[in-house]
1. For residue 152, are the conditions met, namely being over 22 Å from residue 2 (Cα atoms) and surrounded by 15 or more Cβ atoms within 10 Å (Cβ to Cβ)?
2. Would segment 380-391 turn up any residue that is assigned to a helix (DSSP H, G or I), at pLDDT below 75 and exposed (fewer than 14 other Cβ atoms within 10 Å of the Cβ)?
3. Do we find that residue 326 is in contact with a strand residue (DSSP E or B) (Cβ under 7 Å, 6 or more places away or on another chain) and either within 16 Å of the ligand (Cβ to nearest atom) or under 30 Å from residue 218 (Cβ atoms) (or both) in this structure?
4. Tell me the residue from 79, 101, 110 that is under 24 Å from the mean Cα position of the chain (by Cα), on the phi < 0 side of the Ramachandran plot and either surrounded by 16 or more Cβ atoms within 10 Å (Cβ to Cβ) or free of Cβ contacts under 8 Å to residues at least 60 places away in the same chain (or both), please.
5. Say whether the condition of being within 21 Å of the chain's Cα centre (by Cα) and at pLDDT 90 or above is met by at least one residue in segment 129-143.
6. Working only within segment 334-343, note down all residues that are more than 7 Å from the ligand (Cβ to nearest atom), within 21 Å of residue 367 (Cα to Cα) and part of a loop (DSSP other than H, G, I, E, B).
7. Any residue at all in segment 372-379 that is within 16 Å of the ligand (Cβ to nearest atom), exposed (fewer than 12 other Cβ atoms within 10 Å of the Cβ) and at pLDDT below 90?
8. Scanning for something touching a helix residue (DSSP H, G or I) at 6+ places or on another chain (Cβ under 9 Å), touching a residue at least 60 places away in the same chain (Cβ under 8 Å), in a loop (DSSP other than H, G, I, E, B) and surrounded by fewer than 16 Cβ atoms within 10 Å (Cβ to Cβ), does segment 122-141 turn up at least one residue?
Ligand SMILES: [Zn+2]
């Protein structure tokens with residue numbers, strides 16, 4: 001089983017200079033090879049017999065590049081690191097063709113920098129030794145790991161100037177066998193993610209976005225505004241850019257921490273988790289910043305859930321886009337095409353159920369996922385939600401995560417107008 005660790009690195013000035021060379025080499029090799037693959041594709045678009053370039057083509061290209069006078073400096077970097085960059089690019093293309101991720105992007109100097117070291121490194125008592133680096137680099141190891149089982153190592157530098165080393169450790173243990181998926185109501189959960197709440201679960205729990213994050217997002221917005229007013233290339237612009245980068249970093253750290261807690265609680269509690277792979281509801285709205293942040297957390301949550309579920313032998317079912325998850329009454333299947341984006345609650349015209357928009361969506365997501373693997377929807381929890389007693393609420397509270405248990409009354413209800421009329425009559 002693979003486990004990932006990330007530790008802060010403290011290179012001295014000389015080492016920072018070397019790192020910056022390696023980052024540059026890795027970035028240039030990535031961009032050059034990406035350009036090569038793109039141009040090849042453009043030139044041979046109509047020639048069906050020709051396939052695109054692969055890793056070996058780019059490796060040959062790198063060899064030629066290093067012979068050229070103007071790219072001679074590429075020889076200063078560890079050649080295995082550069083090969084690794086080409087392998088990463090190849091992986092990125094494969095993931096794109098399999099529709100797992102977006103098209104590979106060119107790397108910018110102002111963004112996060114990285115290079116990999118596949119072998120010949122060594123950890124020793126708070127010091128990391130790397131090939132071609134001579135003296136060791138101070139590293140803050142805050143969690144123990146088996147040093148002889150480290151598979152690969154990545155050095156990164158954040159836009160705010162912090163250095164990290166990430167490692168993957170293979171303990172060579174088998175991944176636990178998956179728990180069988182059943183349609184017992186307490187064993188599976190559907191998750192609906194939106195902008196209003198961080199996540200809404202099919203058992204009626206709504207997990208709020210943390211307040212401190214909202215504050216940071218406001219701060220980010222104002223700092224971005226300041227940055228946009230600064231003159232290009234000026235010293236003040238650089239300072240403003242650093243402030244924006246720092247806020248981004250803080251948001252990312254707080255968000256990761258929060259998503260770690262949520263995903264831990266969910267994977268602990270449930271055997272099967274159903275989640276949409278794309279945030280469709282977010283796309284409809286037009287808050288650009290909020291959307292970008294919500295998309296990022298969506299992907300992160302999915303990533304963490306999958307990682308943690310795998311370690312515990314739990315199941316994650318991804319269901320792609322499910323556009324009608326909010327509109328379909330989960331009780332009877334009636335589709336309410338009149339449902340607007342702002343309507344948080346609605347009453348099914350067919351069966352009179354009173355539905356909370358997001359909880360209804362989460363239940364549909366769960367049932368759809370189970371159906372996808374051949375299980376019928378869960379009949380037994382119709383009408384007997386007891387979210388207040390759900391252990392997940394207690395678990396989240398312990399982690400200081402705000403969760404609201406919505407008493408989601410699933411009994412058939414009189415339409416709202418009739419209720420109001422009846423209440424008025426009773427007065
Ligand atoms: Zn209905």
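1. So residue 152 fails the test.
2. Scanning segment 380-391 turns up at least one residue that is assigned to a helix (DSSP H, G or I), at pLDDT below 75 and exposed (fewer than 14 other Cβ atoms within 10 Å of the Cβ).
3. Here the answer is no, as residue 326 does not meet what is asked.
4. 101
5. Checked segment 129-143: no residue is within 21 Å of the chain's Cα centre (by Cα) and at pLDDT 90 or above.
6. 336, 337, 339
7. Checked segment 372-379: at least one residue is within 16 Å of the ligand (Cβ to nearest atom), exposed (fewer than 12 other Cβ atoms within 10 Å of the Cβ) and at pLDDT below 90.
8. Scanning segment 122-141, I find at least one residue that is touching a helix residue (DSSP H, G or I) at 6+ places or on another chain (Cβ under 9 Å), touching a residue at least 60 places away in the same chain (Cβ under 8 Å), in a loop (DSSP other than H, G, I, E, B) and surrounded by fewer than 16 Cβ atoms within 10 Å (Cβ to Cβ), so the answer is yes.
The values are calculated or read from the model by the stated rules, or taken from the named source; none is laboratory data. Here the structure is a predicted model, which is why all the values come from computation and not from measurement. Every residue, glycine among them, receives a Cβ derived from its backbone with ideal geometry; neighbour counts consider all protein chains shown.
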